[in-house]
Amino acid sequence: MDGLLSYILIAAMMVVIPGADTMLLVKNTLSYGPKAGFYTVLGMASGLSFWTLIAILGLSVVIANSVILFSTIKYLGAAYLIYLGIKSFFAKSVLSLEVIQAQANTPTNSSNKHNKESFIQALLSNVLNPKTVLVYITVMPQFIDLNENVNQQLIMLASILTVFAVLWFLTLVYVIDYAKKWLNNSKFQKVFQKSTGLILVGFGVKTAI
């Protein structure tokens, strides 16, 4: 496989650049605690694994070449990001640090619900993200040697991207959770929540156009 180091650098940059996943992770971690952040990361990894499977089956190219299928994914993803943004903007309450710590110490149906929601949000955000399809059909093929096993190379490249994403976002969870000691301010949380909502809506609109 040619240019593996170049691909690693490109994959790292793609992961680190803030996007909808980053905003979703920050929102869930600040609102529901680090455990929800971990479930968000798990959802992201599951979404990437889904597209890896699709690519191996050869459907990613089919989707990219089908205007209808690609547009469907594109607009569903955009609509979902806008929905998450609106939901965050109009949310009535933000959990305090004390409540989050209490939930961490005493698991409840409510905390389990938030964890499940965090996982599903991240999963759907990645599955319905047309940019993920483009990564698999435009970036990865440039580093694949057609004289070798294509599926094995694809799995390796996708694994590198997924591992980078998991490590980076897990690091963000710990950083956010640590910084939350200084962020436990109701006014700040309300401003952040509404700002996050607007940014997610912005990413949704950007995805659509």
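Of the conditions (1) touching a Leu at 6+ places or on another chain (Cβ under 9 Å); (2) crowded, with 16+ Cβ neighbours inside 10 Å; (3) at pLDDT below 90; (4) not charged (D, E, K, R), residue 199 fails just one. Which one is it?
(1)
I want to confirm something. Restricting to region 43-74 and keeping residues that are small (Gly, Ala, Ser) and modelled with pLDDT of 90 or more, which single residue is farthest from residue 173 (Cα to Cα)?
Checked region 43-74; the qualifying residue farthest from residue 173 (Cα to Cα) is 49.
Taking the criterion of being at pLDDT 80 or above, β-branched (Val, Ile, Thr), in contact with a Phe, Trp or Tyr (Cβ under 7 Å, 6 or more places away or on another chain) and surrounded by 23 or more Cβ atoms within 10 Å (Cβ to Cβ), would at least one residue in region 26-37 satisfy it? Break it down stepwise before answering.
Going through region 26-37, the residues at pLDDT 80 or above turn out to be 26-37.
Imposing the further condition that a residue be β-branched (Val, Ile, Thr) reduces the set to 26, 29.
Keeping just the survivors that are in contact with a Phe, Trp or Tyr (Cβ under 7 Å, 6 or more places away or on another chain) gives none.
Among the residues of region 26-37, not one is at pLDDT 80 or above, β-branched (Val, Ile, Thr), in contact with a Phe, Trp or Tyr (Cβ under 7 Å, 6 or more places away or on another chain) and surrounded by 23 or more Cβ atoms within 10 Å (Cβ to Cβ), which makes the answer no.
Select from region 157-182 the residues that are surrounded by fewer than 15 Cβ atoms within 10 Å (Cβ to Cβ) and either closer than 18 Å to residue 3 by Cα or among the aliphatic types (A, V, I, L, M) (or both) and list them in ascending order.
159, 163, 167, 175, 179
Of all residues in region 108-166, how many are outside any helix (DSSP H, G or I) and either touching a residue at least 40 places away in the same chain (Cβ under 8 Å) or under 14 Å from residue 60 (Cα atoms) (or both)?
First, the residues of region 108-166 that are outside any helix (DSSP H, G or I): 108, 128-129, 144-149.
Those left that are additionally either touching a residue at least 40 places away in the same chain (Cβ under 8 Å) or under 14 Å from residue 60 (Cα atoms) (or both): 128-129, 144-145, 148.
Total meeting the criteria: 5.
The values are calculated or read from the model by the stated rules, or taken from the named source; none is laboratory data. Predicted model, so just to flag it, every value in this text is computed and none were measured. Neighbour counts are summed over all protein chains in view; Cβ atoms, including those assigned to glycine, are modelled from backbone coordinates with ideal geometry.
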